[in-house]
Amino acid sequence: MNILFIHQYYTTPDMPGSVRSYEMTRRLVAAGHSVVVLSTRRDQYQKTRRGLHNEDGVKVVWLPVAYHNNMNFFQRIKAFLTYAVYVCQLGLKLPADIIVASSTPLTVAIPALILKKIRFLPLTFEVRDLWPAVPIAMGVIRSPLIKFLARWLERTAYQASSKIIALSPGIAAGICSTGIPKQILVEIPNASECERFAVPAHKGSEYRNQFPWLADHPLVLYTGSIGQVNGLAYMVRLAHAMQSLDPEIRFLVVGQGREQATVTALARETGVFEKSMFFLPPVNKSQLPVLLSAATVCSSWVIPVPELAYNSANKFFDALAAGRPMIINHGGWQANLLKAAAAGLVLPAHDPAQAASILQSVLRDQSRLTAMSQSASRLARQFDLNLLGDKFVTAVESVLNHE
């Protein structure tokens, strides 16, 4: 089967970011299918990724569309639409029996729908976030016209799909609320790469020894984007509240994004910058296991917008795979998982002082940390990449089997 895979943010292990599509397309190839991915060159990789590349058996066309996390809303929309034009042009020429489109951004639905209509191809649509519900709730989309068009595009994409893959129960419920029957939905959350993150303990110690400020201090780690949705100001205030409780606890942010200057400025203002809170540039996925093995606990934060509780954060499942307790500040299905499995903490979102007290008590209780780590590893096995990868392949194959 020839699969045309549309994903604007395709990432390989030598890049920072989610490798979900990389892992799923590799498994489609291993199952005997031919996969061509249409994606964009990003950041420093724009110079090294040009045209058609073979990425571990997957044919990837890196399109000349610049994209990075520091772009403003209008720059991003321009990048989204430019990408859509390129995909339409190439998608008309490439062999294909089925289209798989992964959103966000929702605009990937535009070329997917056009190619489906012209070439009479079935569509599998993967939904990673509820767009446009999330940007509307955040106030990013305010124009009534754009809201109307975005909601129309969302409904049209769902209705045109033979199969929809939702990354969380909340996303699945949001899709069903538009009138889509449950029969075409399958939930496949982000996965825990248990094999990749199984690294020897001494690797984490070696990483720690590179930094005099870290050594054997308890470490709260955050990896990923520093954007509006991530709400890293919460972590700064948590670090500030922790100073009076336990100044030896360290907080580390490894990432980049539009809000980086604002977050570091707040860290300076509160007096935690390079005292108890530190910032490092992002690392590639292949380097992430060693970094996580150096952490005492890992963290994932979001701003207090209810729609964000539906997210399926990669960093959540990476932490579980690394056997690290996960610390979050929001409700939703991931919070329920942590509570049920005792694999981490759900901190109060609006009270940094109380949150610091709760976190400090755990960080200084080795027996609790050990128990949480063991629970995290057990929970990770429920979301093992090999299990979810097989489920993804089955979902895509089922579309052609029923056509």
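Structure values in brief
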| quantity | calculated |
| --- | --- |
| Members of segment 1-38 found to be of a type in the set (Gly, Ala, Ser) and in a strand (DSSP E or B), listed by number | Ser34 |
| Among the residues listed as Leu92, Leu38, the single one being in contact (Cβ under 8 Å) with a residue 12 or more places away in the chain and surrounded by 15 or more Cβ atoms within 10 Å (Cβ to Cβ) | Leu38 |
| Segment 157-197, subset under 13 Å from Trp131 (Cβ atoms) and more than 17 Å from the chain's Cα centre (by Cα), residue surrounded by the fewest Cβ atoms within 10 Å (Cβ to Cβ) | Thr178 |
| Of residues in segment 364-383 being assigned to a helix (DSSP H, G or I) and basic (Lys, Arg), the one farthest from Pro218 (Cα to Cα) | Arg381 |
| Any hit, segment 52-72, residues being in a loop (DSSP other than H, G, I, E, B), crowded, with 21+ Cβ neighbours inside 10 Å, modelled with pLDDT under 90 and out of contact with any helix residue (DSSP H, G or I) (no Cβ under 7 Å at 6 or more places or on another chain) | no |
| Candidate set from segment 120-146 (those that are modelled with pLDDT of 95 or more, more than 18 Å from Tyr9 (Cβ to Cβ) and surrounded by 14 or more Cβ atoms within 10 Å (Cβ to Cβ)); member that is nearest to the chain's Cα centre (by Cα) | Leu123 |
| Residue match in segment 194-205 (condition: within 21 Å of Tyr9 (Cβ to Cβ) and assigned by TED's automatic domain parsing to the domain that holds Glu23) | no |
| Residues (touching a helix residue (DSSP H, G or I) at 6+ places or on another chain (Cβ under 8 Å) and assigned to a loop (DSSP other than H, G, I, E, B)) located in segment 181-195 | Ile188, Pro189, Asn190, Ala191, Glu193, Cys194, Glu195 |
| Qualifying residues in segment 74-111 (those that are β-branched (Val, Ile, Thr) and in a helix (DSSP H, G or I)) - the one farthest from Phe148 (Cα to Cα) | Val87 |
| Options Ser21, Ser34, Ser39: the member that is within 17 Å of Leu92 (Cα to Cα), touching a Phe, Trp or Tyr at 6+ places or on another chain (Cβ under 7 Å) and either in the same structural domain as Val85 (by TED's automatic domain parsing) or at pLDDT 95 or above (or both) | Ser39 |
| Complete set of residues in segment 251-270 that are under 21 Å from Ala215 (Cβ atoms) and either among the aromatic types (Phe, Trp, Tyr) or more than 22 Å from the chain's Cα centre (by Cα) (or both) | Phe251, Ala267 |
| Segments classed as helices (runs of 4 or more DSSP H), wholly inside segment 222-334, with at least 2 members that are touching a residue at least 12 places away in the same chain (Cβ under 8 Å) and either outside the structural domain of Arg208 (by TED's automatic domain parsing) or in contact with a Cys (Cβ under 7 Å, 6 or more places away or on another chain) (or both) | 314-321 |
| Failed condition for Leu345, given (1) within 21 Å of the chain's Cα centre (by Cα); (2) assigned to a helix (DSSP H, G or I); (3) surrounded by 18 or more Cβ atoms within 10 Å (Cβ to Cβ) | (2) |
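The values are calculated or read from the model by the stated rules, or taken from the named source; none is laboratory data. Small disclaimer: the values here were computed from a predicted structure and weren't measured. Glycine gets a Cβ as well: all are built from the backbone with ideal geometry, and neighbour counts include every protein chain shown.
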